[in-house]
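The values are calculated or read from the model by the stated rules, or taken from the named source; none is laboratory data. Note that the structure is predicted; figures quoted are calculated from it, not measured. When we count neighbours, we look across all protein chains shown, and the Cβ atoms used for this are built from the backbone with ideal geometry, even at glycine.
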Amino acid sequence: ELRDAFSCEEIGEACRFVRKLGFKGCIFVDNCYGEFVENKEPAEVGADIIVGSLIKNAGGGLAPNGGYICGKTEYVEMIGKRLTAPSLGLEVGSYQGGYTCFYQGLFLAPHTVCQAIKCSLLIGAAMEELGYVNYPSLDKTPHDITRAIRFDSAEKMVDFIREVQYVSPIDSFVTCEPWDMPGYDDKIIMAAGTFISGASIELSADGPVKPPYIAYFQGGLTYEHGKYALERILEKIRN
């Protein structure tokens, strides 16, 4: 069942609810796609630990790989010791090439996320105008950068995702095909002609090819790239 992403306010309500029930464990939030979309992050409303990918929002389109852990010191240290060794924890580095690109990406991330949200709203408005249901609806505040667009056939969904690939800066000559990806029960189609492999803060789209045929659109390093992508998508839909 489709639903909008949870807001920080809703996450905070959930945290307070389980605490009132006496839960004393760690509240963990996967914050992928949500960073810098709202004025607060889940760790500010009750979550003990938040984690996410640096090839999504928080990396600003520059971080080449990796993820982040943020929250209460005791849990961060526990995770660090589990990642490396009890005696090492966070005292050892994780990336030999240096961290300049990570820091610069984090610095740019709020602006990059803003561009991605503008791309999402633009695509959403155009698709809604053409009669395609998409989430979140335009009268609601987005809580992450993703947009789910529902199509009435597998062919239309595949065409949409292929157009995203065709306007990508990398591998724009590639025609995406649904395939059997490990870990999924249905065929998956993905468009990700990105500078950094798998970076969904860059313009990308994907989804399982099965009813109700939902394409998940996300990213866009620049609003201009999103507008160009929309032109190609609309041209394909109208033809």
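Please verify whether residue 133 is touching a strand residue (DSSP E or B) at 6+ places or on another chain (Cβ under 6 Å), over 25 Å from residue 199 (Cβ atoms) and either without any contact (Cβ under 8 Å) to a residue 24 or more places away in the chain or not acidic (Asp, Glu) (or both), treating the condition exactly as stated. So residue 133 passes the test. Once the range 93-121 is narrowed to residues that are touching a Gly at 6+ places or on another chain (Cβ under 6 Å) and touching a residue at least 60 places away in the same chain (Cβ under 8 Å), the residue that is surrounded by the most Cβ atoms within 10 Å (Cβ to Cβ) is 116.
When the residues of the range 87-133 are filtered to those that are assigned to a helix (DSSP H, G or I) and among the polar types (S, T, N, Q), the one that is modelled with the lowest pLDDT is 100. Residues that are closer than 19 Å to residue 209 by Cα, buried (at least 18 other Cβ atoms within 10 Å of the Cβ) and at pLDDT 95 or above do occur in the range 139-146, at least one of them.
Has the range 62-71 got any residue that is more than 25 Å from residue 196 (Cα to Cα), buried (at least 18 other Cβ atoms within 10 Å of the Cβ), at pLDDT 95 or above and not acidic (Asp, Glu)?
Taking every residue of the range 62-71 in turn, at least one turns out to be more than 25 Å from residue 196 (Cα to Cα), buried (at least 18 other Cβ atoms within 10 Å of the Cβ), at pLDDT 95 or above and not acidic (Asp, Glu).
For the range 157-193, name all the residues that are modelled with pLDDT of 95 or more, under 13 Å from residue 203 (Cβ atoms) and of a type in the set (A, V, I, L, M). Those that are modelled with pLDDT of 95 or more, under 13 Å from residue 203 (Cβ atoms) and of a type in the set (A, V, I, L, M): 161, 164, 167, 170, 190, 191. Across the range 136-164, the number of residues qualifying as touching a helix residue (DSSP H, G or I) at 6+ places or on another chain (Cβ under 8 Å), within 17 Å of residue 2 (Cα to Cα), among the aliphatic types (A, V, I, L, M) and touching a residue at least 40 places away in the same chain (Cβ under 8 Å) comes to 2.
Yes or no, residue by residue, for (1) among the basic types (Lys, Arg); (2) more than 12 Å from residue 123 (Cα to Cα); (3) crowded, with 23+ Cβ neighbours inside 10 Å:
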{"residue": "203", "(1), (2), (3)": "no, no, yes"}
{"residue": "213", "(1), (2), (3)": "no, yes, no"}
{"residue": "222", "(1), (2), (3)": "no, yes, no"}
{"residue": "225", "(1), (2), (3)": "no, no, no"}
{"residue": "228", "(1), (2), (3)": "no, no, no"}
{"residue": "236", "(1), (2), (3)": "yes, yes, no"}
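Take residue 181 and tell me if it is assigned by TED's automatic domain parsing to the domain that holds residue 218 and crowded, with 22+ Cβ neighbours inside 10 Å.
Against the criterion (assigned by TED's automatic domain parsing to the domain that holds residue 218 and crowded, with 22+ Cβ neighbours inside 10 Å), residue 181 does not qualify.
Residues in the range 158-178 that are small (Gly, Ala, Ser) and buried (at least 19 other Cβ atoms within 10 Å of the Cβ): 168 alone.
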